[in-house]
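Here is the structure we will look at.
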Amino acid sequence: MRVTFTANGREVEADDVWEGESLLFMLRERLGLPGSKNACEQGECGSCTVYLDGAPVCSCLVAAGQVQDREVRTVEGLADPETGLDDVQQAFVDAGAVQCGFCTPGLLVQSHDLLERNPQPSDNDIREALSGNLCRCTGYEKIMDAVRLASARKCSSSEVSQ
Ligand code: FES
Ligand code: FES
């Protein structure tokens, strides 16, 4: 089957997609978008999280055929080719929230979504939003710091632009 959809703002096409192929496999193996990671392939770890029509989903649980004519945004699509890393990506770097990096793409998409919906989340809001994303390395505190930092930067830049 052929699947045509939008990935990070670009129309893309994948041929010979088999029944049961996941969106995660199609992104990584056919479309050269390896940012989303495959850690459990069972919807348990969140490392494969991408936006599908603006909502975060585990791409290992979405059949490739289901994205026909829909919009996918991966961690690669968070950065702006002109201005560089998104605030949340930069905050993860600055807060030292990346160790092995396996969980990072999913955490970035999920944190990005949280801050779009709620630019000033409480610690509980952050914990709840990221509860489906597992990290084996950081103990989560640096991840919390990163989201707090991205939130603080987002709020101060919107105050400056008012
Ligand atoms: S690889 Fe999809 S949730 Fe773990
Ligand atoms: S940084 Fe290694 S799993 Fe999170």
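None of the figures in this text is laboratory data; all of them are computed from the coordinates on show. In this text, all values refer to a predicted model and were calculated from it rather than measured experimentally. Every residue, glycine as well, gets a Cβ built from its backbone with ideal geometry; the counts of neighbours run over all protein chains shown.
For region 56-74, what are the residues that are surrounded by 19 or more Cβ atoms within 10 Å (Cβ to Cβ), more than 10 Å from ligand 1 (Cβ to nearest atom) and in a loop (DSSP other than H, G, I, E, B)? Let's see the steps before the verdict.
Residues of region 56-74 that are surrounded by 19 or more Cβ atoms within 10 Å (Cβ to Cβ), as a first pass: 56-60, 62, 64, 67, 72-74.
When the remaining residues are screened for being more than 10 Å from ligand 1 (Cβ to nearest atom), the result is 56, 64, 67, 72-74.
Passing the criteria: only 74.
For residue 148, indicate whether it is among the basic types (Lys, Arg), assigned to a helix (DSSP H, G or I) and surrounded by fewer than 19 Cβ atoms within 10 Å (Cβ to Cβ).
Working: among the basic types (Lys, Arg): yes; assigned to a helix (DSSP H, G or I): yes; surrounded by fewer than 19 Cβ atoms within 10 Å (Cβ to Cβ): yes.
Answer is yes for this residue.
Any idea how many residues of region 117-145 are within 16 Å of ligand 1 (Cβ to nearest atom) and either assigned to a loop (DSSP other than H, G, I, E, B) or in contact with a Gly (Cβ under 7 Å, 6 or more places away or on another chain) (or both)?
Selection size over region 117-145: 8.
Is it true that some residue in region 95-108 is part of a helix (DSSP H, G or I), closer than 20 Å to residue 58 by Cα and polar (S, T, N, Q)?
yes
Could you check region 44-55 and list, in sequence order, the residues that are more than 15 Å from residue 104 (Cβ to Cβ) and either touching a Ser or Thr at 6+ places or on another chain (Cβ under 9 Å) or surrounded by 14 or more Cβ atoms within 10 Å (Cβ to Cβ) (or both)?
51, 52
I'd like to check something: does region 124-135 contain any residue that is in contact (Cβ under 8 Å) with a residue 40 or more places away in the chain and away from ligand 2 (no atom under 12 Å from the Cβ)?
yes
Cβ contacts < 8 Å: first residue at negative phi, restricted to region 9-37; second residue acidic (Asp, Glu) and in a helix (DSSP H, G or I), any location; separation 6+ or different chain. Result?
If the second residue must be acidic (Asp, Glu) and in a helix (DSSP H, G or I), the pairs left are 33/76; 35/76.
Select from region 8-43 the residues that are surrounded by 17 or more Cβ atoms within 10 Å (Cβ to Cβ) and more than 11 Å from ligand 1 (Cβ to nearest atom) and list them in ascending order.
Answer for region 8-43, where residues must be surrounded by 17 or more Cβ atoms within 10 Å (Cβ to Cβ) and more than 11 Å from ligand 1 (Cβ to nearest atom): 8, 12, 14, 17, 21, 26, 27, 30, 31, 33, 35.
As an exercise: evaluate residue 69 against (1) at positive phi; (2) within 14 Å of ligand 2 (Cβ to nearest atom); (3) over 13 Å from the mean Cα position of the chain (by Cα) and give the number of the one condition it does not meet.
Going through (1) at positive phi; (2) within 14 Å of ligand 2 (Cβ to nearest atom); (3) over 13 Å from the mean Cα position of the chain (by Cα) one by one, residue 69 breaks only (2).
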